[in-house]
Amino acid sequence: MTSQRTYMAKTGEVPSRWFLVDARGQTLGRLSVNIARVLRGKHRPQFTPHLNTGDHVVVVNAADIVVTGGKLRKKLYDRYSGYPGGRRVRTFEEALAHDATFPIRHAVKGMLQHNSLGADMLTRLRVYPGAEHRHAAQQPTPITFGPLGEVIVASN
């Protein structure tokens, strides 16, 4: 009698790759979901839930991200220091003007696991407001995302 065996990747067995994503004209939520999938490693056949099998993602043109509807002025980012009067609220528009990388990092962080594994995955995300990035030595592969979230590697 033969039995099927489930493949579980080991630590360091799955090499990580570098991908480049252009955020110009992309919708914040849809882009963030797809980036989180790549960071988590769910686009790979070797995906293992308890290991970081994801890849590195470099996001450029984060300042040119779009949101639908009236979210530009209605979406709020809220934080609280714990002290009386310590609540700070920013709209999406104000957050984008203050730090253009914040909305993408915040959205992707919320879509990853809320533990040390998710924090490790988040360290593989690099977001830049303009077209220039500091990771040319890693030779990141430009990618886009299909309608079902599949990773489409751009051919050079």
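Can you give the net charge of the other residues whose Cβ lies under 11 Å from the Cβ of LEU72, counting K and R as +1 and D and E as -1? Don't skip to the end; give the middle numbers.
Details: positive: LYS71, ARG73, LYS74, LYS75; negative: GLU93, GLU94.
So the surrounding residues net to +2.
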- Message: Need the C-alpha centroid separation for the range 1-50 versus the range 56-84, integer Å.
- Response: 24 Å
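For the chain, what does the relative contact order come out to in percent, with C-alpha contacts under 8 Å and a separation of six or more?
Numbers: 245 pairs, mean separation 44.5, N = 156.
Worked out over the chain, it gives 28 percent.
Restricting attention to the range 104-154, which trypsin sites (Lys or Arg not before Pro) occupy a DSSP loop and are surrounded by at most 15 other Cβ atoms within 10 Å?
ARG134
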- Query: Does anyone have the angle between helix 102-111 and the longest principal axis of the chain? Alpha-carbon axes, 0 to 90°, nearest 10?
  - Reply: 50 degrees
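Starting from the alpha-carbon convex hull of the chain, give the projected area averaged over all orientations, in nm².
Values: hull surface 52.3 nm².
Its average projected convex-hull area is 13.1 nm².
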- With runs of 4+ DSSP H residues as the only contributors, calculate the mean residue ellipticity of the chain at 222 nm using -39,500 (n - 2.57) per run, divided by the residue total and rounded to the nearest 500. -7000 deg cm²/dmol
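Once you list every other residue whose beta carbon is under 9 Å from the beta carbon of PHE92, what net charge do they have if Lys and Arg are +1 and Asp and Glu are -1?
Details: positive: LYS71, ARG73, LYS74, LYS75, ARG90; negative: GLU93, GLU94.
Around PHE92, the surrounding residues sum to +3.
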- Roughly what angle does helix 28-40 make with the longest principal axis of the chain, taking Cα atoms, 0 to 90 degrees, to the nearest 10? 30 degrees
- With labels modelled as points extended 7 Å from the Cα through the Cβ direction, what inter-label distance (nm, one decimal) is found for ALA95 paired with THR144? 2.7 nm
- Item | Cα-based reach from LYS74 at 20 Å (exclusive), listing aspartates and glutamates while leaving out same-chain residues under 8 positions away | ASP64, GLU93, GLU94, ASP99
- Task: Could you name the lysines whose alpha carbon sits less than 28 Å from that of LYS10, not counting residues in the same chain fewer than 8 places away?
- Result: LYS42, LYS109
- Output row, site PHE47, 7 Å Cα→C-beta label point, backbone N cut-off 20 Å, window the range 133-156, residues 143-154
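Count the DSSP beta bridges whose two residues both fall in the chain, then state the antiparallel fraction as a percent rounded to the nearest 5.
On the way: 8 of 19 bridges.
Around 40 percent of the beta bridges assigned by DSSP in the chain are antiparallel ones.
What dipole magnitude, in Debye to the nearest 20, does the chain give about its Cα centre under +1 on Lys/Arg Cβ and -1 on Asp/Glu Cβ? All intermediate terms of the calculation are to be shown ahead of the outcome.
Working: 22 positive and 11 negative charges, 84 e Å.
Here the size comes out at about 400 debye.
Tally Lys/Arg at +1 and Asp/Glu at -1 over every other residue whose Cβ is under 10 Å from the Cβ of TRP18; what's the total? Show your work: numbers first, answer last.
Values: positive: ARG17, ARG124, ARG126; negative: ASP55.
Spelling it out: positives minus negatives among the neighbours equals +2.
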- Residue order, fewest to most surrounding Cβ atoms within 10 angstrom, among VAL153, VAL38: VAL153, VAL38
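None of the figures in this text is laboratory data; all of them are computed from the coordinates on show. Fair warning: this is a prediction, and the values are worked out from it, not measured in the lab. Backbone-built Cβ (ideal geometry, glycine too); neighbour counts: all protein chains shown.
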